[in-house]
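Only the coordinates and a few stated rules stand behind these numbers; no lab work does. These figures come from a predicted structure and were not determined experimentally. Cβ: placed from backbone, ideal geometry, glycine included. Neighbour counts: every protein chain shown.
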């Protein structure tokens, strides 16, 4: 036995190595972890530079948590050197980290002001090309927060025309957001001018000029927003402003068209759904399904158990009623993002922990839309519950029968 | 036109048959009597390789077109020489005598160059068509004058304080050709002439120079002079920036450009590790074929008796413990001259870890007195406390618990500050290292960006908070009797843990546990390993405290403690050895 334990003292190198010991619970090889880590960095020991900069990062984060802005700034001073890291991967990731932490500090630090923040933002924007849009957007929001609308709008305009950097999907989304906020700002300016206009008399010499100005603004806004709302997403606040503008100019048809196109994501819609459900007309039934899906697009409604209950029941009813096409219509535009948005493994665990009833309803919907193999459904199925156990079993049967993924469906 | 004579050119002038030559501004020979200009030009291309005293003269004659982009030509070993120079200067500023720089270190370095065939030898190692002919040299009468041409004097102030007697030798030197073609190839990849080649060089039996190795040279010199600086002190001074190491290349002359492969050679981004430098010290000592070093006797700072006293004071332990440490030193034979003195050529195990050994001895003594089994030390403390309360006028008995509380607090504070200082350490130098000329503007721009950002944030930081650079000190903890906030235990008595038996003193504690039961017999470098959870909390604390003091790994200290115990309890170990041997015999 004594010889055996000696052999277990694995290979020993210059690096930090601890022995392995046969503990009661099994074998323990702490030195193995170090090896695994060194494989990732090519077998070389981690440099002190890497160690101290990551310690510095922890100190900054700790200081931020404790609202110790002075300390955070001190550590930040030293953290800037990661921009010159010889490790190219870390060097590329540095600007974003520095922006996030630095902007946080500058937002709260008593000695900081808008000018300091703006200088910092302008500097960080121009390090590399990857961060320009994101920082511009956040910078604009900061300026908005401080009531500097003109500067914010200028920022957004500059950012809108940014053409460098890769054409990734996130870049597209950022540009949309930038345009949206710009549109909103333009709407706000329009709204203010409209107020001015309403105070003026028609005969006032300035009236025409102001009216023209107002019209120009509205044109710009409408150009922005009309393009935007064609892109899938939840644009409610922007839509409202757009519609108001259209209405003002007497374009009721235009306004109506928008309102019909877009399904608002609001709880009131659930009531609307109930009404639709009770109606006789088939097109209302179809709309009812649309409305439900629309509500659950909204991040604020993800935990709304009523919405899920309705959707679960209604989906089953729709599928039983042989309206697979309706479901497929709605699902097609959502199947790329709903699984991660609603039905990830993380949500399964967290929903079950918080509210088992909600989890059940969601699981049912998941099963119907994604099939019995999906993560969410399987997780819930595995859970043991006294009350809901039977319901879950029934759910399983229905899913087997009606899931749209099910090849047995006769269509 | 220059009136200096170009002595190396010995031809007769075609017009006046005189042998009296000078150099034109373009570097061509011209006859000083009839001013006939020849087409022959001087072959020495680089003026920089000739010492200061001659530069004035030749510069006027032979102005090499100094491309500010490229700077001077320099070799990697010149860079190391410069760094060693800086380090020696720093040591001088710490109070070390100048002989270290001028004699000891200089000689070691020259010997290294000779052994590694980079200079002072018949065929120096430079490949790629560059074979300078250099005077053969003898280490015995080397002085600054016969420094090989390869080592440019201008890149480093002369080792000797006076370097003026060099002129006579200059004219006897032969110039050497440098093939220009190969220059342009290498200059793309490194600022130094041989940077690329150097990093690829892999000669068997030659110890290649690196930046950590400069510290090995420093330590060898310190050891030779038996100075009062241990290896851990040296490395701590490096960490605290009192000795150039990280970014030492920043202080190279402006014209010595570093880029490309030089980065890998000179751009260090880690602090030196004790074990690493220790190994290198032995490696270099052996490579240089050094003789036995001057003896470490009882009056040397590095002798365990003295070092133990130093460390006992530093961790606030009673002076009376010194008697015990001396006793252990005697019993284990660790105070013997032959044991302590470094002899690279001898085949015995090298033992130059004076600081670690001294501290290990203290740990053993603590174990002897207090057992450190998470039990006895606290009961003994209770006794001490009771006694001290009753006898307030006497010399207090040493109370382990009180000591632990005070020491732990001081240690935690110090460690926290140390970690914070490390997290804030600025690695990147003002002189950015770049890959190539193409990369240079990007690197400079980045640096500018960082500096601007730092400037902006420094306005947010309270300027009074940034403490000035600490002056270097041998002691990290200081304890005085007058300090009423923190008890000083130096004068406390060990009466509480010792008892008289006849004429001698015995420890009240009669037990002991060995840090290691079995030593590793395989070919690995470690004798034993340290798994924290197997040991008492007191022992862990003691190890952590001392390891922090020396900036070494706890496993290293633990190993040293085990080795001290092995010497001390030799009998015990040989008994167990016999037992296992007989077991084996039975099996077969």
Open item on the list: Report the Cα centroid-to-centroid distance between segment A:340-411 and segment B:432-462 in angstrom, as an integer.
Closed with: 55 Å
TODO: Express the C-alpha Rg of segment B:437-509 as a ratio against the empirical globular expectation 2.2 N^0.38 Å, rounded to two decimals.
DONE: 2.48
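Report the calculated FRET efficiency for residue A:329 and residue B:417 (r = Cβ-Cβ distance, R0 = 60 Å), to the nearest 0.05.
Working: r = 66 Å, r/R0 = 1.10.
Calculated value: 0.35.
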Open item on the list: Can you give me the C-alpha center-to-center distance between segment B:79-95 and segment A:66-84, rounded to a whole angstrom?
Closed with: 33 Å
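On alpha-carbon atoms, Rg over Rh for segment A:290-411 using Kirkwood Rh? The partial results should precede the final answer.
Numbers: Rg = 13.3 Å, Rh = 14.3 Å.
With Rh from the inverse mean 1/r over Cα pairs, Rg/Rh is 0.93.
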- [ ] From other protein chains only, count the Cβ atoms within 10 Å of every residue's Cβ in B:415-425, then give the mean.
- [x] 4
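Need one value for A:111-124: mean number of C-beta atoms belonging to other chains within 10 Å of its residues' C-beta atoms.
Numbers: counts 4, 4, 0, 0, 0, 4, 0, 0, 3, 4, 0, 0, 4, 2.
That works out to 2 on average.
For the ranges A:347-353, B:367-373, what's the packing order if you count other beta-carbon atoms within 10 Å of each residue, average per peptide, and put the highest first? Could the numbers behind the result be given before it?
On the way: A:347-353: 18.0, B:367-373: 22.1.
Ranked by mean Cβ neighbours within 10 Å, highest first: B:367-373, A:347-353.
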TODO: Within 10 Å, count the other beta carbons around each residue, average over each peptide in A:293-306, B:210-223, and list them highest first.
DONE: B:210-223, A:293-306
Open item on the list: Give me the tail of P(r) for segment A:307-350 as a percent: Cα-Cα pairs with distance above 15 Å.
Closed with: 56 percent
- [ ] Enter the mean number of other protein chain beta carbons within 10 Å of the beta carbon of each residue in A:49-59, as an integer.
- [x] 4
Task: Cβ-Cβ FRET estimate between residue A:275 and residue A:336, R0 fixed at 35 Å, reported to 0.05 - done: 0.70
Open item on the list: Using 5 Å bins from zero, what percent of all Cα-Cα pairs in segment B:233-316 falls into each bin?
Closed with: 3, 10, 11, 15, 19, 17, 10, 7, 5, 3, 0
Open item on the list: Which of B:14, A:136, A:54 has the fewest other C-beta atoms within 10 Å, and how do the rest follow up to the most?
Closed with: B:14, A:54, A:136
Open item on the list: With equal scatterers on the alpha carbons only and no solvent term, can you work out the Debye log10 of I(q)/I(0) for segment B:218-272 at 0.13 1/Å?
Closed with: -0.43
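Would you order A:45, A:394 from fewest to most other beta-carbon atoms within 10 Å of each residue's own beta-carbon? Provide the component values of the computation, followed by the final result.
Numbers: A:45 16, A:394 11.
Going from least to most buried by this count: A:394, A:45.
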Open item on the list: I'm a student and want to see the number: the projected area of the Cα convex hull of segment B:379-500, averaged over all directions, in nm².
Closed with: 13.3 nm²
Task: Neighbour-count ranking [beta-carbon atoms within 10 angstrom, fewest first] of A:387, B:268 - done: A:387, B:268
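Order of B:383-391, B:502-510 by packing, highest average Cβ count within 10 Å first? Walk me through the intermediate numbers first.
On the way: B:383-391: 14.4, B:502-510: 11.2.
Most protected by this proxy first, the peptides run B:383-391, B:502-510.
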